[in-house]
1. Can you list residue pairs whose Cβ atoms sit under 7 Å apart, with the first residue in the stretch 154-175 being under 23 Å from Ala217 (Cβ atoms) and the second being of a type in the set (Ser, Thr, Tyr)? Count only pairs 6 or more apart in sequence or on different chains.
2. List pairs: first residue in the stretch 200-216 and closer than 16 Å to His306 by Cβ and open to solvent by less than 30 Å² (accessible area, probe 1.4 Å), second residue at pLDDT below 95 and not in a strand (DSSP E or B) anywhere in the structure, Cβ distance under 9 angstrom, at least six positions apart or on different chains.
3. For the stretch 116-134, which residues satisfy the criterion of being open to solvent by less than 30 Å² (accessible area, probe 1.4 Å) and under 22 Å from Asp294 (Cβ atoms)?
4. Within the stretch 283-312, can you find the residues that are touching a Pro at 6+ places or on another chain (Cβ under 7 Å) and among the acidic types (Asp, Glu)?
5. Does Leu59 meet the test of being within 30 Å of Phe205 (Cβ to Cβ), at pLDDT 85 or above, of a type in the set (A, V, I, L, M) and in a loop (DSSP other than H, G, I, E, B)?
6. Which strands (runs of 3 or more DSSP E) does the stretch 124-198 wholly contain that include 2 or more residues that are at pLDDT 95 or above and in contact with a helix residue (DSSP H, G or I) (Cβ under 7 Å, 6 or more places away or on another chain)?
7. Mind counting the residues in the stretch 135-156 that are open to solvent by 100 Å² or more (accessible area, probe 1.4 Å) and within 20 Å of Ala53 (Cβ to Cβ)?
8. Which ones in the stretch 318-327 are out of contact with any Cys (no Cβ under 7 Å at 6 or more places or on another chain) and either within 12 Å of Ile198 (Cβ to Cβ) or buried (at least 20 other Cβ atoms within 10 Å of the Cβ) (or both)?
Amino acid sequence: MASYDVRERAATKMNLGATVRVNKCGVCVLVALMLLVAAIYKYGNTPELKREAVSLRNLLSAAIDAAERGGRIVYDIREAATLHEKSKGKTKEGANDPVTDGDLKSHLAMFYSLQKAFPGIKIISEEHNLNEVDVSSVSPAATLHPEVTTAIPDDQMVPAEDIRVWIDPLDATQEYTENLREYVTTMVCVAVRGRPTIGVIHKPFSQSTAWAWVGKAVSPSLRQAGNQQAALKDDTAHIIVSRSHAGDVKAVATSAFGDKIEVIPAGGAGYKTLAVVEGKADAYVHSTIIKKWDLCAGNAILEALHGNMTTLQGKNLDYGSQDEYKNEGGVLATLTNHSFYLQKLQVLTNKKEKGA
């Protein structure tokens, strides 16, 4: 009997040993899972593990608010005649490149209101801060706008890293200093993966705002303009160009279109693009270097209305890089018949390439 107890206890010890034997591979997997869960809990809200998504509908509303804020500042400074004009130097063509308090203070309001509303997106402005500034009084841009809410019931979420916002705090500064108010605009553009997607052009002195989201909706004023037939019914090519080089474009355009051409000098890329949309011109042509913050908003608006803006070689403009902010290929913007004007204006491209 005693020998049986000894054998039984021995067997029991062997069984107990088998029950607590550890599988090393399983422990490693368990530890790895625990570490992963801990990392997600601790770092799950950081950019490394979570991509911030941005509501484009909210961003459109904020873009309208920012453009109108800048416009109010531009208007007030012009009314008070406190421009404090300075020169940034000369353009490549030798024209004066002015900057005023309107440019700088509009920049502060537009840039920081957007940045506070959407801290994760990249904003590119024509102006920049020369010194540290107090922006505590700048409130975040409003992310709800009644026109947007009514026109766009469904939203689109886009990773913040895919977005670039281009702002022009005061387009047509030269005309602003000359008190040619009709040409002045403030502009905001949202580019998604380099493509112009949302455009806002605000005219502070007529207090009108045009906005568009490609593939979604356009503002009531643009909807009316886009539904109308072209206002220019004759067989003359009405081309709107910059006031600073109207003569050069006219000489080349005449060789392309013959005598049936009207060249319309005007200031501001935003104004000229809207002139095309509104039927005041058939095409907007620019032959020299121009910055992309001048073009992006108008480009988005034209695309939303099924128009086109390209270089004079017919290439689409890319708005994905802050470093590549210059467009050196010229501009052709049309609401209709883009290929016709592009073909006709190839002589302008050839003239530029030959350095004539």
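The values are calculated or read from the model by the stated rules, or taken from the named source; none is laboratory data. Just so we're clear, the structure is a prediction, and the values are computed from it rather than from any experiment. Here Cβ is always computed from backbone atoms with ideal geometry, including for glycine, and neighbour counts include all displayed protein chains. Surface accessibility is based on the protein's heavy atoms, side chains included, excluding ligands, DNA and RNA. Shrake-Rupley method; radii C 1.70, N 1.55, O 1.52, S 1.80 Å.
1. Here the result reads Asp155/Ser55; Met157/Ser55; Arg164/Tyr319; Trp166/Tyr319; Ile167/Ser125; Asp168/Thr186, each pair linking the stretch 154-175 to a residue that is of a type in the set (Ser, Thr, Tyr).
2. Pairs found: Ala210/Ser221; Ala210/Leu222; Ala210/Ala225; Ala212/Leu222.
3. Scanning the stretch 116-134 gives Ile121, Ile123, Ile124, Ser125, Glu127.
4. Scanning the stretch 283-312 gives a single hit, Glu303.
5. no
6. 163-171, 185-192
7. The qualifying residues number 2.
8. Asn327
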